[in-house]
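Trainee: Got a structure for you, written out below as structure tokens; questions coming shortly.
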Amino acid sequence: MATLDLNHPSWLELTLACAQVGAVHVPINFRLAPAELEYVLSDSGAAILFVGGELADIAVHVQDRVPDLRRLVVIGGEHDEYEAWLSVPPDDERHPAHPDDTVLQLYTSGTTGFPKGAMLTHAGLLGQCRDMTAAAGLTSDDSFLTAMPMFHVAGVGGTLAQLYNGARNVIMRTPEPLAVCRTLERERISHTFLVPALLDMIARHPHATDHDYSALRLLFYGASPIPLPTLRACQEVFPNVFMQVYGMTETSGAVSMLGPTEHGDRANPHRLLSAGIPMMGIRLEIRGPGGDVPLPAGTTGEVCVLTPHLMTGYWNKPGASAAAVDVNGWYRTGDAGHLDDDGYLYITDRIKDLIISGGENIYPAEIERVLAEHPSVAELTVVGVPDEKWGEVPKVVAVTATGQRVDEAELLSYCRERLASYKCPKSVDVVQELPRNASGKILKRDIRARYWRGRERQLS
């Protein structure tokens, strides 16, 4: 079964219901365009879609084009069906779940232009909850604010960890900056997770410091890098509570942490640029291209992770699964970085053509697939470029087709009709030709480097 909605308690209820009956819950990003939604529903084979009242029209629009989708259940609004669905007496029979059974299938951006469903298991999610509890000292007396979208591993992961501990969850439907501040104070929140873009908006808000955050013990942040000036401004609003987490959907969440002690360590200020040290039971290695031997400290290579919380693979994509995980179970993150002599991880660039904008993963291939059909474009590539608000945003670099004219506004509008808004490029550059290597492959990294020149890290 699938869910298309803003944050709502039903996300948790449906996940637990799936765990009980042996089904798989597929949370869907509510920002997806209809064509993308249709793809995820078709790929997952979902038979039931639970949809928020505000999004019901979109779901009805695609329902006829998804043969396996037999029923829509509206949550909230004028035509609410969810409460009646809940009132049906439960079946007392319990599904004999195996630890490696999939319970959540979260869709990530795809390198081939289509999203991939990462299959997360009972064992992986429970292990992540257990290890987060140990690393962060979570207890049943805590109150957790879920402000980030629950279709994202960063949103659902912390929520499940608090549920695992019997703590109180406060769920925000949408994370408006001032509303987050007010909720932290009113609900005496002890823990929350926020992405850097939202933290930056809070730090800039003129009334951010007007509230009492004395109950807040830990403020997790991650999903994208945070510039040091932004972090320091946020520390003025929320002193001594920051914990960075680095992880990804495929690992069921966090694999390393940088705690409050390091955030206040004046003797080692450089560690604020790191992603911390591995969590308990997780190994990190830096490897060279195509290699399986770890590189020495200080040497840059691909960050690889060995974790018991790893996905079992991408649904219906054995080739992509094999490319992501080696025969010994090491996951290739696609991030470039190094470990220092003390085991702290530093992310410096990306090996995969991944753009992280405001905490959302975007693969250029998804945008390139759409724009390749536009008649004014002979060839193109999409790269991530620096952005003050979102860290980075997609940019189109295009060569004009013979006899045509590339109109930036028209191309951007074309994308908005076919892609989720957060995936849409923000600008277009027209060039005479794209640089290529000897085999004809576009040198995307060379193009990207032009826009990041002069920066210490090739991401922000």
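Trainee: Filter the stretch 49-90 for residues that are surrounded by fewer than 16 Cβ atoms within 10 Å (Cβ to Cβ) and within 28 Å of Gln128 (Cβ to Cβ); which is farthest from the chain's Cα centre (by Cα)?
Mentor: Among residues in the stretch 49-90 that are surrounded by fewer than 16 Cβ atoms within 10 Å (Cβ to Cβ) and within 28 Å of Gln128 (Cβ to Cβ), the one farthest from the chain's Cα centre (by Cα) is Pro90.
Trainee: Can you tell me how many residues in the stretch 194-237 are polar (S, T, N, Q), part of a loop (DSSP other than H, G, I, E, B), over 17 Å from the mean Cα position of the chain (by Cα) and modelled with pLDDT under 95?
Mentor: Qualifying residue count, the stretch 194-237: 0.
Trainee: Which residue pairs have Cβ atoms closer than 9 Å, lie 6 or more positions apart in sequence or on different chains, and pair a first residue in the stretch 81-92 that is touching a residue at least 60 places away in the same chain (Cβ under 8 Å) and closer than 17 Å to Asp5 by Cα with a second residue that is surrounded by 10 or more Cβ atoms within 10 Å (Cβ to Cβ) and aromatic (Phe, Trp, Tyr)?
Mentor: Tyr82/Phe50
Trainee: Return only the number of the condition from (1) buried (at least 16 other Cβ atoms within 10 Å of the Cβ); (2) more than 20 Å from the chain's Cα centre (by Cα); (3) in a strand (DSSP E or B) that Ala378 does not satisfy.
Mentor: Among (1) buried (at least 16 other Cβ atoms within 10 Å of the Cβ); (2) more than 20 Å from the chain's Cα centre (by Cα); (3) in a strand (DSSP E or B), the lone unmet condition for Ala378 is (1).
Trainee: Tell me the residue from His122, His152 that is within 29 Å of Ile362 (Cα to Cα), touching a helix residue (DSSP H, G or I) at 6+ places or on another chain (Cβ under 7 Å) and surrounded by fewer than 21 Cβ atoms within 10 Å (Cβ to Cβ), please.
Mentor: On the way: His152 fails: touching a helix residue (DSSP H, G or I) at 6+ places or on another chain (Cβ under 7 Å).
So the residue among His122, His152 that is within 29 Å of Ile362 (Cα to Cα), touching a helix residue (DSSP H, G or I) at 6+ places or on another chain (Cβ under 7 Å) and surrounded by fewer than 21 Cβ atoms within 10 Å (Cβ to Cβ) is His122.
Trainee: So Val153 clears everything in (1) of a type in the set (Val, Ile, Thr); (2) touching a Pro at 6+ places or on another chain (Cβ under 9 Å); (3) touching a residue at least 60 places away in the same chain (Cβ under 8 Å) except one condition, right? Which one?
Mentor: It fails just one condition, (2).
Trainee: Follow-up question, since we're still on this one. Which residue out of His122, His152 is at pLDDT 95 or above and within 30 Å of Gly22 (Cα to Cα)? Outline the logic, then answer.
Mentor: Numbers: His152 fails: at pLDDT 95 or above.
Only one candidate passes the filter, namely His122.
Trainee: Follow-up question, since we're still on this one. Mind checking which residues of the stretch 150-168 are in a helix (DSSP H, G or I), more than 15 Å from Gly359 (Cα to Cα) and in contact with a strand residue (DSSP E or B) (Cβ under 7 Å, 6 or more places away or on another chain)?
Mentor: Within the stretch 150-168, the subset in a helix (DSSP H, G or I) is 153-164.
Still in the list and also more than 15 Å from Gly359 (Cα to Cα): 158-164.
Gly158, Thr159, Gln162, Leu163, listed by residue number.
Trainee: Being at pLDDT below 95, over 16 Å from Phe30 (Cβ atoms) and not in a helix (DSSP H, G or I) is the requirement here; does Asp131 meet it? So that I can check it myself, show each step before the final result.
Mentor: On the way: at pLDDT below 95: yes; over 16 Å from Phe30 (Cβ atoms): yes; not in a helix (DSSP H, G or I): no.
For Asp131, the condition - at pLDDT below 95, over 16 Å from Phe30 (Cβ atoms) and not in a helix (DSSP H, G or I) - is not met.
Trainee: Of all the helices (runs of 4 or more DSSP H) wholly in the stretch 27-94, which have at least 2 residues that are more than 17 Å from Ser10 (Cβ to Cβ)?
Mentor: Passing ranges, in order: 34-44, 56-63.
Trainee: Further question on the same structure: When both residues are 6+ apart or on different chains and their Cβ atoms are under 8 Å apart, which pairs have a first residue that lies in the stretch 420-446 and is under 26 Å from Asp387 (Cβ atoms), and a second that is among the β-branched types (Val, Ile, Thr) and at pLDDT below 85?
Mentor: As it stands, the answer is Leu434/Ile442; Pro435/Ile442, since those pairs meet every condition given.
Trainee: Considering every residue within the stretch 393-402, establish whether at least one is basic (Lys, Arg) and either under 17 Å from Ser224 (Cβ atoms) or crowded, with 19+ Cβ neighbours inside 10 Å (or both).
Mentor: Just the residues of the stretch 393-402 that are basic (Lys, Arg), to begin with: 395.
Filter once more, so that each one left must be either under 17 Å from Ser224 (Cβ atoms) or crowded, with 19+ Cβ neighbours inside 10 Å (or both): 395.
Within the stretch 393-402 (the criterion being basic (Lys, Arg) and either under 17 Å from Ser224 (Cβ atoms) or crowded, with 19+ Cβ neighbours inside 10 Å (or both)), the answer is yes, since at least one residue qualifies.
Trainee: Continuing with the same structure: Taking Pro34, is it surrounded by fewer than 18 Cβ atoms within 10 Å (Cβ to Cβ), within 14 Å of Met150 (Cα to Cα) and not hydrophobic (A, V, I, L, M, F, W, C)?
Mentor: Values: surrounded by fewer than 18 Cβ atoms within 10 Å (Cβ to Cβ): yes; within 14 Å of Met150 (Cα to Cα): no; not hydrophobic (A, V, I, L, M, F, W, C): yes.
Taking the combined requirement at face value, the residue does not satisfy it.
Trainee: Is one or more of the residues making up the stretch 296-306 in contact with a Lys or Arg (Cβ under 6 Å, 6 or more places away or on another chain), closer than 25 Å to Leu216 by Cα and not in a loop (DSSP other than H, G, I, E, B)? I'd like the intermediate steps shown before the answer.
Mentor: Of the stretch 296-306, the ones in contact with a Lys or Arg (Cβ under 6 Å, 6 or more places away or on another chain) are 301-302, 304, 306.
Keeping just the survivors that are closer than 25 Å to Leu216 by Cα gives none.
No, there is no match, as no residue in the stretch 296-306 is in contact with a Lys or Arg (Cβ under 6 Å, 6 or more places away or on another chain), closer than 25 Å to Leu216 by Cα and not in a loop (DSSP other than H, G, I, E, B).
Trainee: Just checking, which of Ala449, Ala420 is of a type in the set (A, V, I, L, M) and farther than 17 Å from Val370 by Cα?
Mentor: Checking each option against the conditions leaves just Ala449.
Trainee: Given (1) surrounded by fewer than 16 Cβ atoms within 10 Å (Cβ to Cβ); (2) under 25 Å from the mean Cα position of the chain (by Cα), identify the lone condition not met by Pro435.
Mentor: (2)
Trainee: Hey, another quick one. Of all residues being at pLDDT below 85 and touching a Ser or Thr at 6+ places or on another chain (Cβ under 8 Å) in the stretch 445-459, which is surrounded by the fewest Cβ atoms within 10 Å (Cβ to Cβ)? Just the residue, please.
Mentor: Result: Arg457.
Trainee: List the residue pairs whose Cβ atoms are under 8 Å apart, where the first residue sits in the stretch 1-25 and is touching a residue at least 12 places away in the same chain (Cβ under 8 Å) and in a helix (DSSP H, G or I), the second is surrounded by fewer than 24 Cβ atoms within 10 Å (Cβ to Cβ) and among the charged types (D, E, K, R), and the two are 6 or more positions apart or on different chains.
Mentor: From the stretch 1-25, the pairs are Gln20/Arg94; Val21/Asp91.
Trainee: Which condition number does Gly22 fail, the rest of (1) small (Gly, Ala, Ser); (2) out of contact with any strand residue (DSSP E or B) (no Cβ under 8 Å at 6 or more places or on another chain); (3) over 16 Å from Thr121 (Cα atoms) being met?
Mentor: (3)
Trainee: Does any residue of the stretch 398-418 turn out to be touching a residue at least 60 places away in the same chain (Cβ under 8 Å) and either part of a loop (DSSP other than H, G, I, E, B) or assigned by TED's automatic domain parsing to the domain that holds Tyr39 (or both)?
Mentor: Of all residues in the stretch 398-418, those touching a residue at least 60 places away in the same chain (Cβ under 8 Å) come to 417-418.
Next, only the ones that are either part of a loop (DSSP other than H, G, I, E, B) or assigned by TED's automatic domain parsing to the domain that holds Tyr39 (or both) stay: 417-418.
Checked the stretch 398-418: at least one residue is touching a residue at least 60 places away in the same chain (Cβ under 8 Å) and either part of a loop (DSSP other than H, G, I, E, B) or assigned by TED's automatic domain parsing to the domain that holds Tyr39 (or both).
The values are calculated or read from the model by the stated rules, or taken from the named source; none is laboratory data. What you are looking at is a predicted structure, and each value in this text was computed from that prediction instead of being measured. Don't worry about glycine lacking a Cβ; one is built from the backbone with ideal geometry, like all the others, and counts go over all protein chains shown.
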